[in-house]
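For reference, the structure discussed in these notes is given below.
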Amino acid sequence: MLPRVDLLLLLPLLSAAVVAGHNPIKLVFVLAGQSNMAGRGGVSDGHWDHVVPPACRPSPSILRLNASLMWQMAHEPLHADIDFKKTCGVGPGMPFAHSVVAASTEAVPLGLVPCAVGGTSIREWARGTSLYKNLVHRARVAAASAGGRVAAILWYQGESDTVSEKDAEAYSHRMETLISHLRADLRDPNLLVIQPACSLSHCVWPSTRESFSRVLLALELLLLPEKEITQIVRGAQKGIKLHNILCVDAKGLALEADNLHLTTGAQVELGKMLAIAYLNHTRRTPHFQFDL
C-alpha cells in the first residue's frame with residue numbers, strides 16, 4: 001500500500017484517469033447550505049486535522065464537480081475550492097455518497113456538486129443572489145455534462161437564521177419559496193430535497209467582528225428564550241408543506257468544541273442518515289460497510 005502522503009500527491013493523476021474513462025453519471029447530488037454542509041469536521045482554530053475516516057475516502061465511483069466545472073475524483077474536503085474563505089474539513093457528502101454507492105447494483109459513478117458556503121442565511125440563497133445563481137449554474141452543468149439528472153439537493157442550513165425571531169418566523173416561507181424556485185429553474189417540479197433539522201439547542205450569536213446593526217438585531221433574543229427561537233427554525237424545517245421533501249434530525253449528534261459544528265464522526269453519521277432517507281424514498285435497501 002502506498003504511504004498516505006504519496007496517495008494524496010497522486011490523487012490529481014488518479015482523478016484524471018478515472019474521469020477520462022468514466023461511464024455517464026446517472027445520479028447527481030447537489031450539496032448546499034452553510035458550514036455544516038460545507039464540512040467543519042476535524043476543524044479547530046482554523047486548522048483541519050486531516051483525519052479521513054473510511055467512509056470519507058476517495059473512490060473511483062464518487063466524483064465531484066470542482067470550482068472550474070470539471071469532474072474529478074471526490075476527496076475531502078469536498079468544499080475546499082467552493083467555501084474557500086473558510087477552513088473546510090469533513091462534511092456529510094462523502095459518507096452519503098459511499099452509502100448510496102454501496103446500496104447500488106449499478107457500476108456507475110455518482111456525482112457530487114458542492115455549493116455550500118459557511119455563515120450564510122437563507123435570504124442569501126434567494127433567487128437572484130450570487131449563491132443561488134451559482135447553485136443553479138453548477139447543477140445544470142453537472143447534469144448536462146454527466147448525461148444524467150439531479151437526483152436530489154442535500155440542504156443543510158438554518159443556524160444563521162436563529163439570530164433573529166423575525167428571520168426564524170420567516171424561515172418556513174423562505175425555504176418553501178427557495179425550493180419552488182429551484183424546481184422551476186432546474187425544470188424538475190418533483191425535485192427531491194433532503195435536509196437535516198439543525199442540530200443546535202441554542203441560538204447563534206453574531207461575533208463581535210460583525211456589523212453593529214446585526215448585533216442590535218441579536219438583542220431581540222433577550223425577549224425570546226434561546227431554545228424557543230431555535231425550535232422555530234427546527235419546526236419550520238420539519239414542517240415544509242411541499243411534496244418530495246425529506247427531513248432527518250441532526251439534533252443530538254456530537255458537536256465540536258464551538259458547540260456549532262458537527263464532529264467528523266457526527267458528519268459520517270449524518271451522511272448515512274441522509275443516505276437512508278434517500279434510499280428509503282427510492283425504495284432501495286442500504287447496505288452499510290463503514291465504521292464511524
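Table for the structure above
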item	result
Phi-based couplings in Hz for segment 252-263 (Karplus 6.51, -1.76, 1.60; Gly and Pro marked x)	x, 6, 5, 10, 5, 4, 6, 6, 10, 9, 5, 6
Around V113: net Lys/Arg minus Asp/Glu count, Cβ-Cβ under 13 Å	+3
Ascending count of other beta-carbon atoms within 10 Å, so fewest first, for R283, R187, R174	R283, R187, R174
In order through segment 165-171: 3J(HN,Hα) via Karplus (6.51 cos²θ - 1.76 cosθ + 1.60), integer Hz, x for Gly, Pro	4, 4, 5, 4, 5, 8, 4
Alpha carbon Rg of segment 109-177, scaled by the compact-globule rule 2.2 N^0.38 Å	1.25
Summed side-chain charge close to S160 - residues other than S160 whose Cβ falls under 10 Å, Lys, Arg +1, Asp, Glu -1	-3
J(HN,Hα) series, segment 60-69, from Karplus relation 6.51 cos²θ - 1.76 cosθ + 1.60, nearest Hz, glycine and proline x	x, 8, 10, 10, 10, 8, 7, 5, 8, 6
Sorted by Cβ density within 10 Å, fewest first, the residues M70, M273	M70, M273
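Every number in this text was worked out from the coordinates using simple rules, so none of it is lab data. Since we're looking at a predicted model, the values are computed, not measured. Quick reminder, even Gly has a Cβ in these numbers, built from the backbone with ideal geometry, and neighbours come from all protein chains shown.
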